[in-house]
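A short write-up of the structure that comes next.
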């Protein structure tokens, strides 16, 4: 069904999907059918064994959003809406494997209101990382991980085939975790097909988010080393568990060369990048983050549900998977509408959408939404609050671990009514309904749906003790 965007078109569907049972996947998720690692190996990496404790709500926070005219400082984050924040990004030296911060000024020095580095004695931490620590003090279920790589730095992962590079990567990355107050690491290795990226290959797909064949085994070994090293580091500073995760490919043309079972044994969870299904590398304007298969896609059947099923069928527990949701729109100009050729491409923050003069369409069957302006041929694929609810309920019904968002700064700002998160009977017939109007935060909408229709958010607590940090104020917990 395709309809103009309006709440009344979604309510009957919402009642139906909430009431429908999905018995095919057990509540605990699907488990790997092959023999697992030996007991000694399991003990070596010290799996935390705590299982699943509620839905994850994982937001990427880029360190560069404190710059420019439209800034988004850490203090603008609504900490109650997140169980995990991934700080993007640290860099890595191509030759040595040394992991280091991407922007020392933004990360550790930038003075927020109330900071007074010139008049405070000692070696102290400031910048975004101080504010993130303060945010998790206020929200004890919020965990902060350091993202390593991203589009700008991933070419430096080409050194991974060298064992010494992997050893240096491991020790230096873990030093940043314990020194700067993180709960762990997330690797974001984004590999580009340069011909497609530069428009040299007509119709080529932008091949990203995947290692090449030579890097498959070294990547597993890197995760092994990181898991062992993180467990050792945790035991040296009072116990507990440091997290390790991976930003994973979606689409049959991009997820190759991953040894999924080999990687999975060391990972706490997977972030599935279920977006960028279209862009400058596709010949026509296409939905960019659809939940269900679009037969007209250049990567046939690329969708969020296809991506989830790929990793589940490869042996990953469904509760370890987080579906990616974009907080940005993928735009095309000079079109005759969706699925037609374009003359130019654009990108917008979700908060800017829809643009003036555009009409929004929601396709329930596809699990996608977009805007179109026939006067200029502009099509923008983006997620609306209605689509966010649909995806959240899919996650609940299929026993998926949670949702991930790129990136926090792009979202709408209006929050859901507090009462909307209270459980109701038969969808929205009882209680305050979830607000699906344009302008309501997609993250807050997903979280509200998790609370209303699921079991709520992950309740595992964060870490506040970092006794080996070089920073005096962090060692003291900023007290």
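The values are calculated or read from the model by the stated rules, or taken from the named source; none is laboratory data. These figures come from a predicted structure and were not determined experimentally. Please note: Cβ atoms are built from the backbone with ideal geometry, for glycine as well, and neighbour counts cover all protein chains shown.
Quick rundown of the values:
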item	result
Which listed residue, of 337, 240, is touching a strand residue (DSSP E or B) at 6+ places or on another chain (Cβ under 7 Å), at positive phi and not in a strand (DSSP E or B)	337
Tally of residues being part of a helix (DSSP H, G or I), touching a helix residue (DSSP H, G or I) at 6+ places or on another chain (Cβ under 6 Å) and surrounded by fewer than 21 Cβ atoms within 10 Å (Cβ to Cβ) across the range 167-195	1
Count - residues of the range 433-479 that are more than 20 Å from the chain's Cα centre (by Cα), crowded, with 17+ Cβ neighbours inside 10 Å and part of a helix (DSSP H, G or I)	5
The range 119-163, residues that are farther than 19 Å from residue 104 by Cα and in a helix (DSSP H, G or I)	119, 135, 136, 137, 138, 155, 157, 158, 159, 160, 161, 163
Some residue of the range 344-363 being over 14 Å from residue 381 (Cβ atoms), without any contact (Cβ under 8 Å) to a residue 12 or more places away in the chain and more than 21 Å from the chain's Cα centre (by Cα)	yes
Hits in the range 388-432 - residues which are at pLDDT 95 or above, farther than 19 Å from residue 322 by Cβ and not in a helix (DSSP H, G or I)	412, 413, 414, 415, 416, 417
Residue match in the range 231-243 (condition: under 16 Å from the mean Cα position of the chain (by Cα) and modelled with pLDDT of 95 or more)	yes
Flag if residue 251 is under 28 Å from residue 349 (Cα atoms), in contact (Cβ under 8 Å) with a residue 40 or more places away in the chain and out of contact with any helix residue (DSSP H, G or I) (no Cβ under 8 Å at 6 or more places or on another chain)	no
Number of the condition not met by residue 267 [criteria: (1) modelled with pLDDT under 95; (2) over 30 Å from residue 124 (Cβ atoms); (3) in a loop (DSSP other than H, G, I, E, B)]	(1)
